[in-house]
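Scroll down for the structure; my scribbles are underneath it.
Values quoted throughout were computed directly from the atomic coordinates according to the rules given, and no laboratory measurement underlies them. Given the structure is predicted, the values throughout are model-derived calculations rather than measurements. With ideal geometry, Cβ positions are generated from the backbone for all residues, glycine too; neighbour counts draw on all protein chains shown.
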Protein chains: 2
Amino acid sequence: MGESAAQRLDARTRLIAAATAAFAERGYHATTTRDIAARAGMSPAAVYVHHSSKEELLFLISRQGHDAALDVIRSASPDDAEPFERLHATVHAFARWHAEHHTAARVVQYELRALSPEHRQEIAERRRAIDRHMRDVISAGVEQGVFDVPDVAGTTLALLSLAVDVARWYQDDGQRSAESVDGAAPLRDLLAVLGRQRPQLVLHDPRGGV
Amino acid sequence: MGESAAQRLDARTRLIAAATAAFAERGYHATTTRDIAARAGMSPAAVYVHHSSKEELLFLISRQGHDAALDVIRSASPDDAEPFERLHATVHAFARWHAEHHTAARVVQYELRALSPEHRQEIAERRRAIDRHMRDVISAGVEQGVFDVPDVAGTTLALLSLAVDVARWYQDDGQRSAESVDGAAPLRDLLAVLGRQRPQLVLHDPRGGV
DNA sequence: ACGCATACTAAGCGCTTGCTTAGACTGCAC
DNA sequence: GTGCAGTCTAAGCAAGCGCTTAGTATGCGT
């Protein structure tokens, strides 16, 4: 062989890293394969030695990210933990992952439309698993009488959405970097303002409801 | 003239509506000018009779959306209202706008990268105005001793981010449509779970802080 | 009736895109 | 040393892109 297996692996992952940075910065469709190749220090054709298409790069990034996020959320807290502790740990771990891996997370969460139908289906399975886990955590609390949530699916959506959006709060170059600031700190303040200080006055539906 | 001013206006707005739908569905870079023209029932060249470029369409949509959102947030509550009521009304109005105008809101909030540097600057001014308004609402509560927020800028970011993300919860075709469901309802449930039931146990920074 | 401004289209131009091809280089097996 | 498998590049292809051009249709002012 021309090079060792380690070198080949290095070229593959270097391309994935380059694609992640480019997709996060410009978006999938605004990124060219020439851009990816240049970031990895290769010629445009080299991309296709290691990957079959630009879309495959996106899929690999997306799958890797979803697997990591699912792993983080699952190992955040044991199933038999106290409901609120468990929910807290789950949301915190999920939000923290998105803060620390905000570059990859941007691609993982905001470039799903660009996936091929087949790949999108495979990613959708993992997203359903994440949703199911969060829903189970909330449902467990409801069943034990600790939470009072009329719309479990809606609350699951809102919680995941909020935690995912944390990825958009941070940049590598700016002051608000995930290394120096805890990912959940502004989240905590948000809740302090909206829920903690005047718990009886949370947002309400003016057309009825609670 | 070939047609009346009303018809000309109609063609212009029809193109903007077509572009909004296309950008929201596929994203700016994945949308072709031929796609926009087809949605407006015109030939590809007709786009350039009324607008100078595809990017100009995005700019017009973005400016219109930011102006509307700024108007909504400013007229949500009077300056001398009680701090918590005022914050509540502001966040609620902003979130509700994003729920009701979720298609335009997606373009307005998630396609900013595609703007030209000049246009991006003009939009950035409006975004700073929105940020400033929300920050003032929080600051007023802090000064009056009603809120205890260490990081006002971070909390502003988190609140706006949360309300903006509401646009991603709704679709026109699905069950969760903004017409039938109040935009803030899942938000309310989210806060009920995280802040209301156990107000002393909001997310906290494990490395110190509150 | 006629000139003219406006709305619109058919055709296509120049360019960039994702990706391929043909071939050079490298280091291991034997 | 020779063959070969694997890595990479220079060059370029077909297709699709944003946008332009040349020309037609339409209706108003005079």
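Each Lys or Arg adds one and each Asp or Glu takes one away; over the other residues whose Cβ falls under 9 Å from the Cβ of B:Ala140, this sums to -2. Here the label points at A:Gln171 and B:Arg126, each 7 Å from Cα along the C-beta direction, are separated by 2.1 nm in the simple model.
Shown in residue order for the range B:150-161 are the 3J(HN,Hα) couplings computed by the Karplus curve 6.51 cos²θ - 1.76 cosθ + 1.60 at θ = phi - 60°: x, 10, 5, 4, x, 5, 4, 4, 5, 5, 5, 4 Hz (x for Gly and Pro). Taking the label point 7 Å along Cα→Cβ, A:Glu56 and its counterparts in the other copies are spaced 4.2 nm apart, in ascending order. Peptides B:158-169, B:29-40 ranked from most to least packed, by the mean per-residue count of other Cβ atoms within 10 Å: B:158-169, B:29-40.
Backbone N atoms of the range B:109-130 closer than 17 Å to the 7 Å Cα→Cβ label point of B:Asp79 belong to residues B:129-130. Here B:Pro78 yields copy-to-copy label distances, from shortest upward, of 5.7 nm, the label point defined as 7 Å from Cα along Cα to C-beta. In plain terms, the chain from B:Gln64 to B:Ser116 could stretch by 17.1 nm, reckoned as 0.36 nm per residue minus the Cα-Cα distance. Each copy carries a label point for B:Val146 at 7 Å from Cα along the beta-carbon vector; from one copy to the others these points are 3.3 nm apart, nearest first.
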